[in-house]
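The next block holds one structure in the form of structure tokens; read it before the comments.
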Amino acid sequence: MKKTYIILIAVVAVGILYSWSTYNRLVSGSETVTTLWAQVETQYQRRFDLIPNLVASVQGTLKQEQKIFGDLAEARAKYSGATGVDARAQAAGQVESALSRLLVIVENYPQLRSSATVESLMAQLEGTENRISVERKRFNDGIRDYNLVIKRFPSSVIARLGGFDARAYFEAAEEASTAPKVDLTQ
């Protein structure tokens, strides 16, 4: 009889230790995902800080392209006001769309490309875009790892009891699959 109680206590203790360990792993995973998203946003901020400098450098030469400058300003404002990962990701997609149209214009104006300021800003922006790509990949890798823990049994039971839900991957905006079209005849 004592042996049965000892075995029962050992099984309960192992269950409690497993639950405790799994819960802590879920908390760590959730915090990791949050940190990874913060890294993505840090790179977005770098991009948004560079954009006004690039726009100011290009604006003097391209008075007729005011719509693109307005679109960029509007997209940056939407990003600043967005709350939540999904809303910020969507707003970042709008910035990317407007920025890609601006970059096409810059490439079509050789006198702009030869400007040292524009050239430097373009190089910084290109580097920032690469950093954003890397951080997005890290974020999605973190989401994958976290979601696997959430969905696998028996940790899925503890996740459900602890209120942990699967997190959404960063996905490109629908417009990202279409190359920007710039009409310089207007």
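The values are calculated or read from the model by the stated rules, or taken from the named source; none is laboratory data. Here the structure is a predicted model, which is why all the values come from computation and not from measurement. Using ideal geometry, Cβ is built from the backbone for each residue, glycine included, and neighbour counts are taken over all protein chains shown.
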### Message
Looking at the range 19-35, I want the residues that are crowded, with 16+ Cβ neighbours inside 10 Å and have a partner that is of a type in the set (Asp, Glu) with Cβ atoms under 8 Å, at least 6 apart or on another chain. Which pairs are those?
### Response
Gly29/Asp145; Thr32/Asp145
#### Entry: Complete set of residues in the range 36-50 that are touching a residue at least 24 places away in the same chain (Cβ under 8 Å) and closer than 12 Å to Arg131 by Cα
Gln39, Val40, Glu41, Thr42, Gln43, Tyr44, Arg46, Arg47
### Message
Scan the range 21-28 and tell me whether some residue there is over 39 Å from the mean Cα position of the chain (by Cα) and among the basic types (Lys, Arg).
### Response
no
### Query
Where in the range 59-176 are there helices (runs of 4 or more DSSP H), lying fully within it, with 1 or more residues that are of a type in the set (Phe, Trp, Tyr), closer than 30 Å to Leu26 by Cα and at pLDDT 75 or above?
66-81, 116-151
